[in-house]
Amino acid sequence: VQSSKPAVPPPNDDNTPMNPETGAHRREDKPWEPAANGHTGTVTSLAVSPDSHWVASGSDDTTIILWDIEDRGIRYKWGQHGDTVWFLAFSPDNTTLASAGGEGRIMLWNVQNGELKATLEGRDTGIVHTVAWAPDGERLASGSDDMTVRIWRAESDAWMEEHVLDGHIAMVTFARFS
């Protein structure tokens with residue numbers, strides 16, 4: 001005997017209901033919890049260092065956490081961005097983490113000692129959506145709301161804006177060196 005009623009999937013072990021169309025379990029009775037202990041908001045960006053020793057997470061709570069993969073603990077927690085952290089990228093030599101923020105700044109963090117190495121600010125950039133390292137670690141590219149890609153170059157202990165590539169017809173949300 002066949003029923004005309006659709007089958008209702010059983011709940012999983014913690015009694016969260018399953019969506020019958022996707023088979024995914026979801027919590028409808030509880031608010032979303034942070035994906036990683038330490039953030040109080042939604043995780044908006046993740047990066048893994050090239051040597052796989054570090055994971056960095058950024059959040060809409062304006063913080064960045066550097067996680068040590070080996071001991072699974074927090075190495076540093078930074079809160080200097082004034083808005084959502086939209087993108088994170090490790091330098092090719094694993095020593096620096098670049099963070100792009102909603103307040104229009106790029107911050108460069110020393111992952112060995114936790115110090116802020118530099119703050120890069122373009123003119124009227126709006127939200128910085130993306131940042132990418134050149135393979136040699138001597139340049140950065142950033143993309144932002146102002147419809148530009150900016151190329152930054154390391155000179156001694158300072159970073160200088162080397163080029164502004166404009167002419168895009170919308171915000172730039174991804175950049176990459178080849």
- Message: Could you compute the net charge surrounding Trp54? Neighbours are other residues with a C-beta less than 14 Å from the C-beta of Trp54; K and R count +1, D and E count -1.
- Response: -2
- Message: What value in Å³ per residue do you get for the convex hull of the alpha-carbon atoms in segment 69-110?
- Response: 83
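Express the carbon and sulfur contribution to the solvent-accessible surface of segment 129-178 as a percent, rounded to the nearest whole number, probe 1.4 angstrom.
After summing per-atom areas, the C and S share lands at 52 percent.
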- Cα pair distances exceeding 17 angstrom across segment 130-178, given as percent: 31
- Message: Sort Arg150, Arg139 by heavy-atom solvent-accessible area, probe 1.4 angstrom, most to least.
- Response: Arg139, Arg150
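How much length is gained if the chain between Asp166 and Glu121 is pulled fully straight, taking 0.36 nm per residue apart and subtracting their Cα-Cα distance, in nm to one decimal? Don't jump to the answer; show the numbers that get you there.
Working: separation 45, 0.36 × 45 = 16.20 nm, distance 1.63 nm.
Gain on extension, Asp166 to Glu121, equals 14.6 nm.
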- Put Ser49, Ser178 in order of accessible area, largest first, 1.4 Å probe: what do you get? Ser178, Ser49
- Item | Residues of segment 73-178: accessible area per residue with a 1.4 Å probe, Å² | 51
- If you take the alpha carbon radius of gyration of segment 44-164 and divide it by 2.2 N^0.38 Å, what ratio comes out, to two decimals? 0.98
- How high is the relative contact order of segment 131-178, in percent, with contacts defined as C-alpha pairs under 8 Å that are six or more residues apart? 41
- Taking Met107, Met171 and ranking on accessible area (1.4 Å, protein atoms only), highest first, one gets Met171, Met107
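The values are calculated or read from the model by the stated rules, or taken from the named source; none is laboratory data. Just so it is clear, the model here is predicted, and its values are computed rather than measured. All Cβ positions, even for glycine, are placed from backbone atoms using ideal geometry, and neighbour counts span all protein chains on display. We work out accessible area using only protein heavy atoms, side chains counted, and drop any ligands, DNA or RNA first. Shrake-Rupley method; radii C 1.70, N 1.55, O 1.52, S 1.80 Å.
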